[in-house]
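Q: Questions regarding the structure given below will be posed in turn.
The values are calculated or read from the model by the stated rules, or taken from the named source; none is laboratory data. Everything quoted here is computed from the prediction, not taken from an experiment. Cβ placement follows ideal geometry from the backbone for every residue including glycine, while neighbour counts extend to all protein chains displayed.
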Amino acid sequence: MDGSIVARLRALVEEGKGETIGTARFFPLVTLDSGARVGLDGEGRFVLARAEGDTIVVYTAEDAHVFHEVLEWKRSLFDDTLEDAARALGLSAVEVSFAFPVSGIVRAVLAKNMHYTTRLALAWLRPSELRDVQDDLRRVAEDRQLPTTLRDFAQRLLVP
């Protein structure tokens with residue numbers, strides 16, 4: 001995360017802003033359909049606050065699959081909501097949007113090999129993100145256990 005964003009979040013923490021969940025300070029950005037919320041913690045890490053309970057999950061490559069619900073939103077709506085909330089906190093909307101770990105979440109979802117979520121993950125990618133997930137796309141395109149439409153979709157996203 002950009003240093004200025006982290007500095008701004010730390011300033012907000014010092015002002016007592018945000019929510020306290022467990023021992024962490026949380027700044028919600030997007031509330032998903034389940035009630036779970038995606039946001040930033042005081043260190044500038046993306047986190048997911050589950051609808052029930054008082055814990056947050058910090059985004060890591062190992063826990064990327066926990067963020068799968070974001071893929072159920074239209075990408076443009078998610079990005080717009082994320083950026084609007086970032087602006088409201090005085091953060092750079094573009095920097096926050098670019099920092100969101102799309103590729104990691106897509107990789108984690110594609111690894112699960114579930115037809116519905118694979119389609120959502122493929123549809124969520126922007127052209128600028130395709131190179132980051134080429135190996136994953138190739139695997140999907142070559143997986144004979146997946147429906148032909150999904151394999152073809154992945155094939156069309158491969159960058160020559």
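Q: Can you confirm whether the stretch 28-46 contains a residue that is more than 14 Å from the chain's Cα centre (by Cα), at pLDDT below 90 and under 21 Å from V109 (Cα atoms)?
A: Within the stretch 28-46, none of the residues are more than 14 Å from the chain's Cα centre (by Cα), at pLDDT below 90 and under 21 Å from V109 (Cα atoms).
Q: Further question on the same structure: List the pairs whose first member sits in the stretch 39-66 and is within 17 Å of A99 (Cα to Cα), whose second member is among the polar types (S, T, N, Q), and whose Cβ atoms are under 9 Å apart, counting only residues at least 6 apart or on separate chains?
A: Correct list of pairs: R45/T60.
Q: Kindly check whether there is at least one residue in the stretch 145-154 that is closer than 30 Å to G18 by Cα and either under 14 Å from the mean Cα position of the chain (by Cα) or modelled with pLDDT of 95 or more (or both). Please lay out each step first, then the result.
A: The first filter runs over the stretch 145-154 and keeps only residues closer than 30 Å to G18 by Cα, leaving none.
Taking every residue of the stretch 145-154 in turn, none turns out to be closer than 30 Å to G18 by Cα and either under 14 Å from the mean Cα position of the chain (by Cα) or modelled with pLDDT of 95 or more (or both).
Rundown of residues vs (1) in contact with a strand residue (DSSP E or B) (Cβ under 6 Å, 6 or more places away or on another chain); (2) not aliphatic (A, V, I, L, M), yes/no style:
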site: V57; (1), (2): yes, no
site: D63; (1), (2): yes, yes
site: L71; (1), (2): no, no
site: A99; (1), (2): no, no
site: S103; (1), (2): no, yes
site: A111; (1), (2): no, no
site: T117; (1), (2): no, yes
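Q: Right, next: Keeping to the stretch 52-67, report how many residues are hydrophobic (A, V, I, L, M, F, W, C) and out of contact with any Asp or Glu (no Cβ under 9 Å at 6 or more places or on another chain). Steps first, please.
A: Pass one, the stretch 52-67, residues hydrophobic (A, V, I, L, M, F, W, C): 56-58, 61, 64, 66-67.
Then drop every residue that is not out of contact with any Asp or Glu (no Cβ under 9 Å at 6 or more places or on another chain), which leaves 61, 64, 66-67.
The qualifying residues number 4.
Q: What are the residues in the stretch 65-109 that are of a type in the set (G, A, S) and either under 13 Å from V38 (Cβ atoms) or surrounded by fewer than 14 Cβ atoms within 10 Å (Cβ to Cβ) (or both), if any?
A: S76, A85, A86, A88, G90, S97, A99
Q: While we're here: What's the total number of residues in the stretch 17-38 that are in a strand (DSSP E or B), in contact with a helix residue (DSSP H, G or I) (Cβ under 8 Å, 6 or more places away or on another chain) and buried (at least 19 other Cβ atoms within 10 Å of the Cβ)?
A: To start, the set of residues in the stretch 17-38 that are in a strand (DSSP E or B) comprises 19-21, 24-31, 37-38.
Still in the list and also in contact with a helix residue (DSSP H, G or I) (Cβ under 8 Å, 6 or more places away or on another chain): 25, 27-30, 38.
If we keep only those that are buried (at least 19 other Cβ atoms within 10 Å of the Cβ) as well, we get 25, 27, 29-30, 38.
Here the count works out to 5.
Q: Evaluate the following for E72: is it under 14 Å from the mean Cα position of the chain (by Cα) and in contact (Cβ under 8 Å) with a residue 24 or more places away in the chain? It would help to see each step written out before you state the result.
A: Working: under 14 Å from the mean Cα position of the chain (by Cα): yes; in contact (Cβ under 8 Å) with a residue 24 or more places away in the chain: yes.
Judged against the criteria, E72 is a match.
Q: A follow-up question, please. Do any residues in the stretch 118-147 that are touching a residue at least 40 places away in the same chain (Cβ under 8 Å) have Cβ atoms under 6 Å from those of residues that are basic (K, R) and surrounded by 13 or more Cβ atoms within 10 Å (Cβ to Cβ), where the two are at least six apart or on different chains, and which pairs are they?
A: W124/R75
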